[in-house]
Structures are given as C-alpha cells and as structure tokens.
Amino acid sequence: MKTRITELLGIEHPIFQAAMSWASSNSALVIAVSNAGGMGVLAAGPLRIEDFKRIISEIRSGTKKPWGLNIPLNNPKAREMLDIAFDAKVPVMVASQGGPREHLARFHAIGTKWLHVVASVEHARKAEAAGVDALVVDGAEAGGHPPPSEVGTLVLVRRVVKAVKLPVVASGGIADGAGIAAMLALGAEAVQLGTRFIATPEASVHENYKRAVLEADVEGTAVVGRGMQPIRQLKNSFSRKYEEAQRSGAPAERLNAIFEESSVKQAALDGDVEWGKVEAGQSAGLVDEILPAAEVMRRLVAEAEAARRRLASL
Ligand SMILES: Cc1cc2nc3c(=O)[nH]c(=O)nc-3n(C[C@H](O)[C@H](O)[C@H](O)COP(=O)(O)O)c2cc1C
C-alpha cells in the first residue's frame, strides 16, 4: 500500500502507532512498530529531560527505520525538548496542541518531516497554511484528547480530506484492518492507532490498564471534562464522580478540583484503574488480545489487504 504518506516518510505500511502519554513514552513500543514497517511515535509529554534523552538514544540504536516524536507544544518543557530533538535530527515530528509555524524552518532544514495533529477543519487549514508536511486528524472516538466538537472520525476525516491538499492520517476508533481500509476509502493516506497498541507487551502501562482495555466494550468509555479540555477514558469511579458532580450542577471550580484529583500516571504507573484517568478510545471494544506489537502490525496489514479484496469482489 503506497500512499503519499508512505512515500513522504519512507515507511513500508501506512500505519502509525499513536503517541500515547505513558503507554508510548518508552523505546520498546516505538522500536517494535518502526522495525515492523510502521511509524512508531514516542510520546514525550510526561518525560523528564534526562529520560527523554536516554529514550531517544535507545530508539536510535534500536531501529534504523523512520520513527516519530510527539511533543505537545503547550508543554512547559516543549522548547527544551525541541532543541534536543533538533540535535538528534529526529526523522518525524508529530506535534500537537499549539502552533507549528515558528519551528518549521529549522526542522525542515535538517530534513525532519513535520506532521501536525488537528481535530477541526479550521485547525487543519491553519496547519496547512503554516507549511506542515501532513496532518493527523483526530475524531471523537479517539482515546486521550478527542475534538471538543465531538465530530466522529468518519465525518471529520472526510471533511478535512476535502478541505486541504495535504495528505491526511486518520486517527480515532481504528483497531483493525477493516478500519484501515475504511479510512483509506475516505481518502486518508495512512491511519493512526492508539488504543490497539496499549494491548501489547511493549506498551509501558500497568497490567491492570491493559486488562481494563481488554475488558471494555464499545460503550465502555466516557468523555470527562466537557467544556474544558475533554479527555476520553474508560468509565470508572473517577469518571462517574465527575459526571455526577456535573449532573448536580457543581460549579466550575468544583469540577476542576475533581478533574485534578486524578491523573493518567495514577492508572498507568500505579495500576489504579478505578480512580486514575484510564485514557483509551471507543476502539477498546474491538481489542480483546494482548499481542506483540510486531504481530499487531502483521495482522493489521493482512486484515487491510483482506478488506480490500472483499470490497473488490462485491
Ligand atoms: C493513553 C493515551 C494517551 C495519549 N496521549 C497523547 C499524547 O501524549 N499526545 C497526543 O498528541 N495524543 C495523545 N493521545 C491520542 C493518540 O495520539 C491518538 O490520537 C488516539 O489514541 C487515537 O484513537 P484510538 O485510541 O481510538 O486509536 C493519547 C491517547 C491515549 C489512548
């Protein structure tokens, strides 16, 4: 499957492992996906600077294939991390949450391809005008930070593909080869999967987190924090407490306080899947097995090919 994205990035398959704070804040998952011909993406957000440097050097010695780095540009450590990424000549940036314009010239000068994560048509157009190389478009099914508009992937990806000339990577709700074929049919030129890659031995979250993803069905997630920066996570005691407070008309400060009581770290590191923020997408309901990342990649490619054959035979 050759697309403008596989050509741009020099990857074999149009499949990204999404940046996921904690779950892909390590080298093992990124290396496994990139070595399997996909695009492994390191989530730098939660990392301390010394760990960030160590993990970059582990990735560089673990794979000769292209790999990506996600830095949320509104992160207080973003500038320092960008300088380190520049010195390391990171092959691909997958930046989120903030404007890319001021960074593009120096990264393009060293050959870095810059992709930008967007969740609306307006931001897609802005990122294109700023000069990024491609877009990652997140729809409402996505784990982590879905679009505040809650427009689903099916509609948003199609709308953005029609609104811009840049190649688009579809993200949110994709967990198997049928989903990949669907997104390619919409005009996306690659896909990004987060939740599917949580259920791998390489993902750096607690076993309880992985088990919770396997156990969840498609109705098993909630959007918490509507009206602020909403997150999609598995339903648990924390999400119910927040929703109850919201339903009973609690003031914004009270909702904020409840939101801040919980963290992704609590779920990912300590395994507290009742009171932590267990970020995951609706596609958790399509994931029922922990498999090595290379095997996930192999199955995704085979399933996408099968889906294409099935469509061709209709
Ligand atoms: C546990 C988790 C953590 C995430 N952390 C980040 C992050 O640090 N930066 C980012 O740009 N997106 C983050 N996301 C969003 C993913 O990059 C991606 O858009 C999403 O997982 C796609 O939806 P899916 O989970 O249905 O595949 C996160 C998602 C999850 C599930």
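The values are calculated or read from the model by the stated rules, or taken from the named source; none is laboratory data. All values reported here derive from a predicted model rather than from experimental measurement. Note that we place each Cβ from the backbone using ideal geometry, even for glycine, and neighbour counts take in every protein chain shown. Only protein heavy atoms, including side chains, enter the accessible area calculation; ligands, DNA and RNA are left aside. Shrake-Rupley method; radii C 1.70, N 1.55, O 1.52, S 1.80 Å.
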Close Lys-Lys pairs in segment 159-314, where close means Cα under 18 Å and separation is 8 or more or interchain | 7
Quick one: how many Å² of Asp288 are accessible to a 1.4 Å probe, rounded to 10?
-> 120
How large is the accessible surface per residue of the chain, computed with a 1.4 Å probe and reported in Å² as a whole number?
-> 42
Report Rg (one decimal) and Dmax (nearest whole number) for segment 10-64, counting Cα atoms only, units Å.
-> 10.7, 32
Take the Cα gyration tensor of segment 20-117, multiply each eigenvalue by 5, square-root it, and list the three semi-axes largest first, rounded to whole angstrom.
-> 19, 15, 12
Which order do Glu7, Glu303 take by accessible area at a 1.4 Å probe, largest first?
-> Glu7, Glu303
Using amide H atoms built 1.01 Å from N in the peptide plane, name the residues 5+ places from Ile15, or on other chains, whose amide H lies under 5 Å from its own.
-> Met39, Val191
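For segment 29-75, which trypsin sites (Lys or Arg not before Pro) pass both filters: DSSP loop (anything but H, G, I, E, B) and at most 14 other C-beta atoms within 10 Å?
Taking segment 29-75 and a limit of 14 other Cβ atoms within 10 Å, the loop trypsin sites (Lys or Arg not before Pro) found are Arg48, Lys64.
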Taking Rh as the Kirkwood radius computed over C-alpha pairs, what is the Stokes-Einstein D of the chain at 37 °C in a medium of viscosity 0.692 mPa s, expressed in µm² per second?
-> 169
Computed Rg/Rh for segment 169-313 (Cα atoms; Rh = Kirkwood radius) stands at 1.05
So the FRET efficiency between Ile49 and Ala312, C-beta based with R0 = 51 Å and rounded to 0.05, is 0.50
List, largest first, the extents of the alpha carbons of segment 55-204 along their principal axes, each in whole Å.
-> 39, 39, 26
